[in-house]
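Step one of this worksheet: look at the structure below.
The values are calculated or read from the model by the stated rules, or taken from the named source; none is laboratory data. All values reported here derive from a predicted model rather than from experimental measurement. Note that each Cβ is placed from the backbone with ideal geometry, even for glycine, and that neighbours are counted across all protein chains shown. Ligands, DNA and RNA are stripped out before the accessible areas are found, and what is left, the full protein with its side chains, is counted by its heavy atoms. Shrake-Rupley method; radii C 1.70, N 1.55, O 1.52, S 1.80 Å.
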Amino acid sequence: MVSKSCNLSRSNLSTTSDVPDSHGKPPLPPTVTFARRTPSGRYVSYSRDDLDSELGSSDFMNYTVHIPPSPDNQPMDSISQKVEEQYVSSSLFTGGFKSATQAHLMDKVIESEVNHPQLAGAKGSSCAIPGCDAKVMTDERTVNIVPCECDFKICRDCYLDAVKTGDGICPGCKEQYKTMDLDELVENRQPLPLPLPSEMSKMQRRLSLMKSTKSVLMRSQTGDFDHNRWLFETRGTYGYGNAIWPTGERTGNGKDNEIFEPSELMNKPWRPLTRKLRIPAAIISPYRLLIFIRLVVLGLFLAWRFNHPNNDAIWLWGMSVVCEIWFAFSWILDQLPKLCPVNRATDLNVLKDKFETPSPSNPTGKSDLPSIDVFVSTADPEKEPPLVTANTILSILAADYPVEKLACYVSDDGGALLTFEAMAEAARFANTWVPFCRKHGIEPRNPESYFNLKRDPYKNKVKTDFVKDRRRVKREYDEFKVGINGLPDSICRRSDAYHAREEIKAMKQQRQKTDDEPVKDVKIPKATWMADGTHWPGTWLKPAPDHSKGDHAGIIQVMLNPPSDEPLLGTADDSGIIDLTDVDIRLPMLVYVSREKRSGYDHNKKAGAMNALVRASAIMSNGPFILNLDCDHYIYNSQALREGMCFMMDRGGDRICYVQFPQRFEGIDPNDRYANRNTVFFDGNMRALDGLQGPVYVGTGCLFRRIALYGLDPPRSKEHHPGCCSCCLPRQRKHATGSRIPEENRALRMGDSDDEEMNLSLAPKKFGNSAFLIDSIPVAEFQGRPLADHPSVKNGRPPGALTIPRELLDASIVAEAISVISCWYEDKTEWGHRVGWIYGSVTEDVVTGYRMHNRGWKSVYCVTKRDAFRGTAPINLTDRLHQVLRWATGSVEIFFSRNNALFATSKMKFLQRIAYLNVGIYPFTSIFLVVYCFIPALSLFSGQFIVQSLNVTFLVYLLIITLTLCLLAVLEVKWSGIELEEWWRNEQFWLIGGTSAHLAAVLHGLLKVVAGVEISFTLTSKSAGDDKDDEFSDLYIVKWTSLMIPPLTIMMTNLIAIAVGVSRTIYSIIPQWSRLLGGVFFSFWVLAHLYPFAKGLMGRRGRTPTIVFVWAGLLAITISLLWVAINPPAGTNQIGGSFQFT
């Protein structure tokens, strides 16, 4: 293998191969030169060979990275790998297009002292070799590992130097090192073993691997065993660590490709992990009948309206008819996808029995669940407080899921040191919080929410030391909050002190050069300094070139090392604030990621950040499933991940692209004035879509299948052909015939043909030139398959296949992750177009889910008894309107793009297509809604009405339409579980948003399509109001925005119209009360819907902004003058006729 330097150009990186070099030399082991960056920006080598060397012309040290030939052929021994992992966690990796990849070894990450073995910057003894101050190798409990009985302390680099160049002689006692097993060494604290012979592969050392007799499985260039190829050619019918399929029990027809299946799996009853709970017929049948009745009545009503125009006011009649036709069309689009709502339930006991209980295929009972990578995204620590993000991360680290199968990635798109150090503080506090949660079964596992619970915290707690532990952890958390909140000032003070020191040093140097001449002021860029006294490579407090929000290097820091494969139980000797005896103290892996940003590149906002995390995580952990959370959405139910995994691991789960959880919010006012909980959508519309092809993706709280994000087609996609009403009628299936491609390969198809499979040789054009990333794709696909515990499970994996230890991290892996988050990596690839989160819309979540459904994937809606996740929502009127504006603008962009459901493929179900069509069309309803809200006022001003007269036919139609709407609402409340008040609040805000944010969204969308004008949106603030004594102080803050003008105008116009209509009718010669009644009724209907808006404008008592009164007065005067000008009082036109029914 040819080693490549990390600062090569992009074209050179793409030439990395698995063949030996031209001289026939064997592959070189991955080597990394670690270096410490000095305050002046220079790097001092930490390698034993380069210890005393000085740097040349460059300001950095290169280290070589190469891709291992295969997963089972990596020359580094297990001891070196574990120590390499400690080096990785203590190093800050930076790099990108304009800078070389560097590993900056840090003395400390934060000011606080850390002592957990997984934490970055954990303290340890120094190497005893003169001139080397590296850390001594330690085990999982931070106990020094000494390779010799003389207890001579030595670091990893010096140890390897002694082994390779010193014939294994200890530098202390000059005796030969002894060779022993690593586990015995750690247990007895005895000498380290020498590296194992290079001829023995890693797979031979760690696994009992079944041998293959097929010579084609050997790579022709290197002669190494091709593990990935064998994995798929054997259809996964092999085991790790034990024989999955016992010999002598086989099924099939005696051919070479038959599969061994024990009779135990063939005969035992199969238990599903999930159940579909259909809505009772007593509710759903009347519901569907009412939809049909209302549909017929609407058709008859529109026909009657069209045949009975109001000749006295044809303009008023025309506007009303056009609006009513559109409302009927919009209602149909909204109502049809609700024909088949379903509920679902999971069985966590069955999940535990199948994946975590000892069995013949898994004798040890180790977890056979697949790994999950959790993504947390943040961009601005000022609008997204670090304390909120830290609490979200703590809830993830404490989740009830196998520790070694969980990894958390934090995307800091702002590259702020404040976020970096807040994450480091959270990792330090997790050392106390996570074991405390495991010991006492704490719920919820967000410390801020837990300690603010209003219920009795001691209920159902049986351990006698709970009260003492809780008080100590609460005190520790209070100190943690003080530290987080004090970080901004701490960073500023530290940076000022280091900057003053640098200025003094520069002045001294200038004085030495100029002798007695006057010293001029020295201008030094004011940098932001880290805790170890070096420059922060990300965004500085005072922006500078290469250190601003849109221009900085890529950064990766492993805050918490990957945990050991075996539980690490606390002991009575552990020095902690609480007793953790027999409690697993391991922590999941935590990684800080800030992708590279450079001027001139489109970084695609949140979607680009998520795609960077997808690539980095594929290199570092490659979990087959990805959970994405906003920084303010935390895990409220510690078993939420297991609930989602029930769907993915159930029969047919390999065709599920994502599991969407409902969004639940805290801090909402009791009356939910602006429908912030959005329960009608999350409990109504989403349950209904779950009965079709699945719910839409709503941006957070979603568990993805990784390969679905890669743009791959679902397995058996050609066997599923959705029909017009496939939710209600039996599914039509077409079994593939004549296809010779194995199912394992068809699971990796990206084409529309049965015979077209993904060609990995063309993968760089789709995924980029990272061989690590491309090689991880089939592994993620295999690990994400359901368990093949019964013959009816198609495309499954054998039990016990995921009980093997994970690969250890080394610097070459992190360096590769740095390269895939660089700003240029996506150039000329399909990232953002077909792969990953889709670009081009502010609502990238909806578009991403649409693309998956369009390829034939299914999604599932998981509503748990205890809320899975909880977050915050803006309760302020202005913030809420801007949030809705962003959503609606994204919908308009979807409508004018190729993601319009009108262009969907045949793989998408008909009713699912209607649902997506409604997503793009609903903002346009605002145009007709605004017109219709002015019609009552125009009717009162003109003395006319939308019909010639209030006859019995019109009133009967109106009554039936209203009654059916109310009955549908009652039944919808029944099957969705929402309350009638919540339904009414949703109706109110539908009109408020429709007359304000939706209308502005349509204008923005038209400007973007016609004139190419881009509209930028700001982040929704997650911070609270100024009044700390009032939990809902934000609710009363009035922040004026132009979005308030249309609804305020409608409200004032209708109020004035009512006054004008009543006064004119009273003073008319022949009062026409019938027409007045129609206009007043509909005006009150408009005002009733706008009541929350009016209440929000008033704010607190005595705090109504002056601009509200100014606008109200101007509108009232303008409307009055317009009416007087159009219809003067001296005119002869009066409201004629009488109140009568015809």
Rounded if a/c is under 1.5, else prolate if a/b is larger than b/c, else oblate: which is segment 263-388, with a ≥ b ≥ c the root eigenvalues of its Cα gyration tensor?
-> oblate
Working with all protein chains in place, sort W984, W831, W326 by solvent-accessible area computed with a 1.4 Å probe, largest first.
-> W984, W326, W831
Calculate the radius of gyration of the Cα atoms of segment 447-574 to one decimal place, then report Dmax, the largest Cα-Cα distance, as a whole number, both in Å.
-> 24.1, 79
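Where does the charge balance sit around N343 when Lys and Arg score +1, Asp and Glu -1, over other residues with C-beta under 11 Å from its C-beta? Show your work: numbers first, answer last.
On the way: positive: R275, K276, R278, R344, R687; negative: D683, D690.
Once all neighbours under 11 Å are counted, the net charge is +3.
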With segment 347-461 reduced to its Cα atoms and the Debye formula applied, log10 I(q)/I(0) at q = 0.13, 0.16, 0.23 1/Å amounts to -0.64, -0.87, -1.26
Roll a 1.4 angstrom probe over the protein heavy atoms and tell me the percent of accessible area of segment 517-623 that is carbon or sulfur.
-> 53
Using a 1.4 Å probe and ignoring any ligands, DNA or RNA, find the accessible area of C127 and quote it in Å² to the nearest 10.
-> 10
Rounded to one decimal in nm, the spacing of the 7 Å Cα→Cβ label points at K174 and T514 is 5.8
Rg(Cα) of segment 587-687 divided by 2.2 N^0.38 Å?
-> 1.36
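Highest mean first, what order results for 953-963, 420-430, 1046-1056 on Cβ atoms within 10 Å?
Details: 953-963: 14.4, 420-430: 26.5, 1046-1056: 21.7.
In decreasing order of mean packing, 953-963, 420-430, 1046-1056 become 420-430, 1046-1056, 953-963.
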Taking the C-alpha atoms of segment 446-492, convex hull volume expressed per residue in Å³ = 75
In nm, to one decimal, how far is the C966 label point from the S126 one, both placed 7 Å along Cα→Cβ?
-> 8.3
Accessible area, 1.4 Å probe, largest first: how do L348, L1035 sort?
-> L348, L1035
Exposure of W887 as accessible area (Å², to 10), given a probe of 1.4 Å and all protein chains = 90
Going by accessible area, probe 1.4 Å, with all protein chains left in place, what is the ranking of H308, H633, H603, largest first?
-> H308, H603, H633
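May I ask which of K1008/K1095; K605/K909; K135/K366; K459/K974; K276/K865 have a Cα-Cα span longer than 23 Å here?
Details: K1008/K1095 34 Å; K605/K909 31 Å; K135/K366 33 Å; K459/K974 32 Å; K276/K865 15 Å.
From K1008/K1095; K605/K909; K135/K366; K459/K974; K276/K865, over 23 Å: K1008/K1095; K605/K909; K135/K366; K459/K974.
I want the local charge near I396. Using Cβ-Cβ distances under 12 Å, sum +1 for each Lys or Arg and -1 for each Asp or Glu among the other residues.
-1
If you roll a 1.4 Å probe over segment 797-923 with all protein chains in place, what percent of the accessible area is carbon or sulfur? Could you put the intermediate results ahead of the total?
Details: 2140 of 3700 Å².
Carbon and sulfur together cover 58 percent of it.
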Enumerate the calculated ³J(HN,Hα) couplings along segment 462-467 in order (Karplus 6.51 cos²θ - 1.76 cosθ + 1.60, θ = phi - 60°), each rounded to whole Hz, writing x wherever the residue is Gly or Pro.
-> 9, 6, 5, 8, 5, 4
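Starting from the exponent 0.38 and prefactor 2.2 Å, build the expected Rg for segment 757-894 from its residue count and divide its actual Cα Rg by it.
On the way: Rg = 19.9 Å, N = 138, 2.2 N^0.38 = 14.3 Å.
For segment 757-894, the normalised Cα radius of gyration comes out at 1.39.
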Calculate, for segment 429-524, the solvent-accessible area per residue in square angstrom, rolling a 1.4 angstrom probe over the heavy atoms of the protein chains.
-> 62
So, in nm, how far is label L980 from label D827 when the simple model puts each one 7 Å beyond its Cα toward the Cβ?
-> 6.4
Calculated FRET efficiency, S548 and N485, Cβ-Cβ r, R0 35 Å, to nearest 0.05?
-> 0.90
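For segment 523-646, compute the orientation-averaged projected area of the C-alpha convex hull (one quarter of its surface), in nm². It would help to have the intermediate numbers written out before the result.
Working: hull surface 48.1 nm².
Orientation-averaged projected area of the Cα hull: 12.0 nm².
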Starting from the eigenvalues of the Cα gyration tensor, five times each then square-rooted, give me the equivalent ellipsoid semi-axes of segment 777-850, largest first, whole Å.
-> 31, 23, 9
Semi-axes a, b, c in Å (a largest) for segment 920-966, each sqrt of 5 times a Cα gyration tensor eigenvalue, come to 23, 19, 7
What does the charge dipole of segment 835-893 about its Cα centre add up to, to the nearest 20 debye, if the Cβ of each Lys and Arg holds +1 and the Cβ of each Asp and Glu holds -1?
-> 320
C646: accessible area at probe 1.4 Å, nearest 10 Å²?
-> 0
More than 16 Å apart - percent of Cα-Cα pairs taken over segment 823-887 = 67
